[in-house]
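S.K.: There's a structure below that I have some questions on.
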Amino acid sequence: MSIAVASSPGKVILFGEHGVHRGVPNVNTAVDLRTFCRVETRTDTRYSFHSAEHHEEGTHADLLAFKAEVDHLRETKQIDAIVALIRRDFYAPGRYVLSHVASRLGPFGLDIEWSSRIPIGSGLGSGAAANSAMVCAVYAALGHTLSQDDLIFLAWQGDAIAHGGYGSSLDSSTCVMGGFLVYTRYPNEDRAIPLSVQPLPLVIGDTCVPHSTNKTNTHIRLWLDENPSRLYVFKAMGFLQPLFLEALESHDLATLGNLMNLHQLLQIKMGVSIPESDQLIEAALSAGAYGAKISGSGGGGIIIALGEAERTADIAAAINAAGGQSYCVQTGAPGTRLEAPDH
């Protein structure tokens with residue numbers, strides 16, 4: 001028997017939500033809320049998944065059959081069928097990722113178990129963290145190595161179907177690479193460029209309202225179809241993005257905060273801010289944050305607030321008092337990595 005343990009960080013989008021598909025690079029960072037995955041080899045060709053109250057068992061043949069099914073749905077662009085599959089099947093993204101590994105490495109037997117501090121469905125990249133940690137641990141347990149690009153690609157397969165068969169590799173890139181990065185979608189490839197900047201004193205506020213990236217992405221698409229002149233929102237976002245990068249590189253917290261506030265106004269204009277998000281943002285600003293905004297697709301999920309390090313405890317307390325769940329996090333966290341087997 002062989003055992004391997006790997007972990008991956010959560011992620012937040014600092015700037016550029018919904019802009020990555022419209023020519024505006026995202027600025028992201030990994031945070032020190034981590035998901036751990038423990039993988040133990042078996043003597044047969046079965047696999048098992050364990051995570052909190054969820055459990056599943058299957059065979060190598062099951063994995064390959066599932067891959068063929070989902071590949072067909074993706075190739076024929078049956079988005080509604082993929083969305084319906086994800087809604088009823090908790091392990092579908094992870095199983096799809098593992099099916100890609102199975103198609104590469106051949107038959108294996110594995111027991112796979114996760115534990116996590118990242119709240120699910122909050123916009124913190126819980127799926128990408130779980131899948132990247134799993135792939136890293138599976139390859140280690142089976143005695144194989146893989147490149148960072150391959151790890152990102154395999155983990156991204158889970159996000160791709162979680163977002164209706166498409167979606168960018170933003171989450172998996174940030175979770176695997178860690179640190180800070182600028183993420184851009186080009187016509188033929190996605191590109192993640194690391195940034196060497198100082199950590200930010202950041203507080204996350206979870207609205208505890210489940211959100212759907214598919215739903216908000218559809219809302220944005222229909223909103224733009226209704227009136228294409230609304231692209232001015234993303235032109236404005238693109239104008240602000242270099243200013244945000246400049247302030248990030250100079251560690252100008254006050255300017256970063258003001259730019260976050262302007263970004264939030266654009267998100268309100270898009271219609272992705274809900275009253276619970278607004279309430280947490282106002283609480284954070286009242287407690288001394290320089291700026292606060294939705295992080296992720298919106299419609300629920302999380303907000304982020306930036307303030308001086310000595311004010312983060314007050315900001316977190318204000319978020320809690322306003323009905324949210326706060327997390328004071330370390331930004332620029334390390335990416336996916338192997339851990340001690342007894343972790």
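S.K.: Tell me, which strands (runs of 3 or more DSSP E) wholly within the range 1-67 include 1 or more residues that are in contact (Cβ under 8 Å) with a residue 40 or more places away in the chain?
M.R.: 3-15, 26-41, 46-51
S.K.: Having 1 or more residues that are under 20 Å from ILE120 (Cβ atoms) is the bar; report the strands (runs of 3 or more DSSP E) wholly within the range 137-225 that clear it.
M.R.: 201-206
S.K.: Kindly indicate which of ALA236, ALA289 is closer than 15 Å to SER326 by Cβ and either touching a residue at least 60 places away in the same chain (Cβ under 8 Å) or out of contact with any Gly (no Cβ under 9 Å at 6 or more places or on another chain) (or both).
M.R.: Unique residue meeting the criteria: ALA289.
S.K.: So, in the range 42-83, exactly how many residues are hydrophobic (A, V, I, L, M, F, W, C), closer than 11 Å to ARG95 by Cα and under 25 Å from the mean Cα position of the chain (by Cα)?
M.R.: Selection size over the range 42-83: 4.
S.K.: Still on this structure, I have one more. Pairs needed: first member in the range 258-270, of a type in the set (D, E, K, R); second member anywhere, surrounded by 17 or more Cβ atoms within 10 Å (Cβ to Cβ); C-beta distance under 7 Å; at least 6 residues apart or different chains.
M.R.: Going by the 7 Å Cβ cut-off, the qualifying pairs are LYS269/VAL233.
S.K.: Given the conditions (1) surrounded by 22 or more Cβ atoms within 10 Å (Cβ to Cβ); (2) out of contact with any strand residue (DSSP E or B) (no Cβ under 9 Å at 6 or more places or on another chain), which single one is not true for ILE120?
M.R.: Checking ILE120 against (1) surrounded by 22 or more Cβ atoms within 10 Å (Cβ to Cβ); (2) out of contact with any strand residue (DSSP E or B) (no Cβ under 9 Å at 6 or more places or on another chain), the one that fails is (1).
S.K.: When you scan the range 249-303, how many residues do you find that are acidic (Asp, Glu) and within 26 Å of HIS163 (Cα to Cα)?
M.R.: Keep residues of the range 249-303 that are acidic (Asp, Glu), which gives 249, 252, 276, 278, 282.
Now restrict to residues that are within 26 Å of HIS163 (Cα to Cα): 276, 278.
Of the residues in that region, 2 qualify.
S.K.: Restricting to the range 13-41, name every residue that is closer than 22 Å to TYR96 by Cα and either under 17 Å from the mean Cα position of the chain (by Cα) or of a type in the set (Lys, Arg) (or both).
M.R.: ARG34, THR35, PHE36, CYS37, ARG38
S.K.: Out of the range 292-325, which residues are charged (D, E, K, R) and either in contact with a strand residue (DSSP E or B) (Cβ under 6 Å, 6 or more places away or on another chain) or free of Cβ contacts under 8 Å to residues at least 24 places away in the same chain (or both)? Even if it seems obvious, please write down each step before you answer.
M.R.: Step one: list which residues in the range 292-325 are charged (D, E, K, R), which gives 293, 308, 310-311, 314.
Scanning the range 292-325 gives a single hit, GLU310.
S.K.: Next question. Specify which of the listed residues (THR184, THR216) is crowded, with 21+ Cβ neighbours inside 10 Å and under 20 Å from the mean Cα position of the chain (by Cα). Talk me through it step by step, then tell me what you get.
M.R.: Details: THR184 fails: crowded, with 21+ Cβ neighbours inside 10 Å.
After applying the criteria, what remains is THR216.
S.K.: Let me ask something else. Within the range 54-91, can you find the residues that are of a type in the set (Gly, Ala, Ser) and either modelled with pLDDT of 95 or more or in contact with a Phe, Trp or Tyr (Cβ under 7 Å, 6 or more places away or on another chain) (or both)?
M.R.: Those that are of a type in the set (Gly, Ala, Ser) and either modelled with pLDDT of 95 or more or in contact with a Phe, Trp or Tyr (Cβ under 7 Å, 6 or more places away or on another chain) (or both): GLY58, ALA61, ALA65, ALA68.
The values are calculated or read from the model by the stated rules, or taken from the named source; none is laboratory data. Just so we're clear, the structure is a prediction, and the values are computed from it rather than from any experiment. For neighbour counting, all protein chains shown are included, and Cβ atoms are generated from backbone atoms with ideal geometry for every residue, glycine included.
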